[in-house]
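Here is the structure we will look at.
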Amino acid sequence: MRVSTSQIYNIANIGMRDAQVAVDKTNQQISSGKRVLSPADDPVAATAILMLNQELSRTTQFTKNIDTADNNLTLEDTTLQSVVSLVQRLKELTVNSGNTAVLTPSDYKAMAAELDSRLGELMNLQNTRNASGQYIFAGFQSQTQPFVDNGGGNYSYQGDEGQLSVQASTTVTVAVSDSGKKIFMDIPASHNTFNTRPSSSNQATPPAVISVGDVYDQAAFDKLFPEDMLVTFNANSSVNPPSPNYTITERSSGKVLVDKQVYVSGQDIKVNGAKFSISGSPYPGIAAVPSTISMSSAAFTGAIAADKDYSVTPGAFDITVGGVTETLVLDQNFATTSGTNALNDFITALGGATDKSFYSTLPYSTSTAAANYKKLQNLGISLSDTGVFTSATGLNITIKNASTAAISNITGVTTQGAGTTTPNIPFNYPGASTFSFATTPETVDITVNGKTVTLTLNTNVTNATTLAAALNNGNNAVELAKLGVIATPQGLSSLNNSVISLTNAGPNLLAAIGVSGNPVTSSKGVLASPGDKFVIESTGKQGLLTTVSRLSDAMKTIDNTQASKDDFAKIVAKTLASLDNVMTNISAVQGEVGARQNMLESTKNLNSDIELNSKEVLAQIQDLDYAEASTRLQMQTFVLSAAQQSFIKISELSLFKYM
């Protein structure tokens, strides 16, 4: 077999290269101390090493989490212990204040000053922040101050009921916070009580303030419980002489408990065993603008006798207010008398007698007239002796579906079909004027509940009837329907009693309607707009700050009368019971905090064991056996040296030496 020179060199090069690679790899292993330098060295071991390193990283992070959690819980526990110390001092003050036979109002005011100072301390503790600036009792809203002073001795919680937590191991998650609502607000009261607050929609500037209040008659309040109450301020014109006034109702049913009571700032309001006060100038409501429909005495007088006779064939028409409909019935002959007497008989038959006792006096109490009067009462409307239907609440009145056209003739009101609805913006057409909108069209913007449409008048108008037709012409009717507005010869009416506003109207259009201004708004049938509202919420819980605030208020108002001292003694007893509940609640939370810290400690120990075990296994798989590596390096170095020496010897062989 012949071997060429190039083959000799290639074989030698491969041998030396492989030997050099082996030496280099072993050197790298020795310098790094690791057996597996790449996945190719040992794929199975490389996978295990990756998993073990990930486990160690997780364990390291878990340790950091545990340290952070333990710091937070330690801060919470320390804060709660400070609160406990404060509550103990408050209990001492409460017990001391019970000595009403010796203490004077001046002594109580001094005690109240200390209570107010303690309230400030409690507020600061309940608004404690951690090292990161987060409020520890705010739940998930850790950037929001949880407890705020609303004035009047009222405090509110602005956080939520969330509970922050951290992962302490792959299987253990530990809560590291508690909401202030759970600790300081949701404390069982020793008695049924209430919280007070203003409505968020109140408009007064500066806002009026409602006091924290208290239950002064427990038996009376227990009858109300758990119903809430609502204090609503009415328009000043609701009482005579006009002045600020309020109405108190049951919140769920609307049942009136106190109606149109004159308001005095800071004066105690007592209702159903609850006592509180409101200070400041609450925003008054806007009074309703009554809706009316007037019958025409001239129409009745001018009608023929046949139109006035219902003794044989009774007549009837529907009257609707606020979605409720009643049918008024006529069953008399009003043509038997004449003039004013006949008109009075007609109005009396519809329920509009001047002396309303007429309808409850026999034999008239069983008459159709008395039934009509009751129907008007059911609708909440009245009929004057001059023939004017009035809805004092501002709800629109609709008269429709008359059984005969004769009723329209004697009332002067369109009563058949859709009939007549109270115009919220009445038309007051200027006599025999003509407006040439066909030549010079004009527009008007109509707004209802924030929605605006534009109407265009492009037909001539000669009276209220043609004005209504122009407003209903073409696309105008579609636009009015979008707003729930109808145009009749009497005016513009909102079907849902919303306020109608006219803006950007042309001058001739305003003249045709008989109004002026920009905007022009509903002048009839406007519902009342309530003023500021305050809520009295019944509850079986009482917050710590509220408990202390109520005691402080009681100390500031006690006098030397026996009745006042007796009332204060009741408050002292309630306060002591409530503070005991506070201590019980906080102790329970402290126990939970301690249990969590114990869990963190045991989990940390477990994580340490896992980390130690993982490092041991990792060392077995990954670390280099230096003795074996040194022996292997010597062998590989020897092989490399032998390959190099062999190549030198072989490369010197040549036929020229034998020639």
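The values are calculated or read from the model by the stated rules, or taken from the named source; none is laboratory data. Every value quoted in this text rests on a predicted model; they were computed, and no experiment measured them. Ideal geometry is used to build each Cβ from the backbone, glycine not excepted, and the neighbour counts take in all protein chains shown. Ligands, DNA and RNA are stripped out before the accessible areas are found, and what is left, the full protein with its side chains, is counted by its heavy atoms. Shrake-Rupley method; radii C 1.70, N 1.55, O 1.52, S 1.80 Å.
Here the ratio of the Cα radius of gyration of the chain to 2.2 N^0.38 Å is 1.77. Near the amide H of Ser156, within less than 5 Å, lie the amide hydrogens of Val148, Asn150, all on another chain or at least 5 residues away, with H placed in the peptide plane. Near Asp309, the amide H atoms lying under 5 Å from its own belong to Phe334; only residues 5 or more places off or on other chains count, and H is placed 1.01 Å from N. Heavy-atom accessible surface of Arg129, to the nearest 10 Å², is about 130 Å², with a 1.4 Å probe and all protein chains retained. Less than 15 Å from a label point 7 Å out along the Cα-to-Cβ axis of Ala113: which backbone N atoms in the range 517-559 qualify, by residue? Answer for this model: 556.
Here the simple spin-label model places points 7 Å from the Cα toward Cβ, and for Asn460 and Asp445 these points are separated by 3.2 nm. Kirkwood-type hydrodynamic radius, the range 520-609: 18.6 Å, calculated from all non-identical alpha-carbon pairs. Membrane-span-like helices of the chain, defined as complete DSSP H segments with a Cα extent of 27 Å or more along the helix axis and a mean Kyte hydropathy of at least -1.0, are identified as 5-32, 43-97, 105-126, 562-622, 626-651. Computed from the Cβ-Cβ distance with R0 of 25 Å, the FRET efficiency linking Gln134 to Ser156 stands at 0.80.
Sorted on the mean count of surrounding Cβ atoms within 10 Å across their residues, most packed first, peptides 445-452, 465-472 read 465-472, 445-452. Looking at the chain, the accessible area is 49 square angstrom per residue; that uses a 1.4 Å probe and ignores ligands, DNA and RNA. Over the chain, dividing the summed -39,500 (n - 2.57) contributions of all DSSP H runs of at least 4 residues by the number of residues returns a 222 nm mean residue ellipticity of -14500 deg cm²/dmol. Which pairs break 23 Å Cα to Cα here: Lys356/Lys524; Lys182/Lys565; Lys308/Lys400; Lys255/Lys275? Correct reply: Lys356/Lys524; Lys182/Lys565.
Compactness of the range 91-232 was expressed as the Cα radius of gyration divided by 2.2 N^0.38 Å, which yields 1.34.
With a Förster radius of 51 Å applied to the beta-carbon distance between Gln167 and Ser265, the computed FRET efficiency rounds to 0.40. Model label points for Thr637 and Ala588, set 7 angstrom from Cα along the Cα-to-Cβ axis, are 7.6 nm apart. Calculate the length of the line joining the C-alpha centroid of the range 173-208 to that of the range 118-171, in whole Å. Using only Cα atoms, the two centres lie 12 Å from each other. With the convex hull constructed from alpha-carbon coordinates only, the range 468-527 shows a mean projected area of 4.1 nm² over all directions. With the largest listed first and rounded to whole Å, the semi-axes of the equivalent ellipsoid of the range 199-269 from the Cα gyration tensor are 22, 15, 13. The modelled label-to-label distance between Ser237 and Arg17, using points 7 Å beyond Cα along the C-beta direction, is 10.7 nm. Amide H contacts under 5 Å for Gly491: Phe427, restricted to partners 5 or more places along the chain or on a different chain, H placed in the peptide plane at 1.01 Å from N.
Give me the extension gain from Ser199 to Asp355: residue separation times 0.36 nm, minus the current Cα-Cα distance, reported in nm with one decimal. Show your work: numbers first, answer last.
On the way: separation 156, 0.36 × 156 = 56.16 nm, distance 4.30 nm.
Stretched fully, the Ser199-Asp355 segment lengthens by 51.9 nm.
For the range 303-445, the alpha-carbon coordinates run over 63, 35, 25 Å along the three principal axes, in decreasing order. Exposure check, 1.4 Å probe, all protein chains in place: Asp355 carries approximately 90 Å² of accessible surface.
For the range 130-141, putting each phi into the Karplus relation 6.51 cos²θ - 1.76 cosθ + 1.60 with θ = phi - 60° gives couplings of 8, 5, 8, x, 8, 6, 7, 10, 9, x, 6, 8 Hz, in residue order, rounded to whole numbers and with x for Gly and Pro. Dipole magnitude for the range 134-282: about 240 debye, using +1 per Lys or Arg Cβ and -1 per Asp or Glu Cβ, origin at the Cα centre.
Only protein heavy atoms count here; on that basis, with a 1.4 Å probe, Phe358 has an accessible area of about 60 Å². Computed over the range 208-313, the P(r) curve from all C-alpha pair distances, binned at 10 Å from the origin, holds 12, 31, 21, 9, 11, 10, 5 percent per bin. Potential lengthening of the chain between Glu227 and Thr336 amounts to 33.5 nm, from the contour at 0.36 nm per residue minus the alpha-carbon distance.
Note on the range 248-331: with neighbouring protein chains present and a 1.4 Å probe, carbon and sulfur make up 51 percent of its accessible heavy-atom surface. Considered as an equivalent ellipsoid built on the Cα gyration tensor, the range 274-368 has semi-axes of 39, 17, 14 Å, the largest given first.
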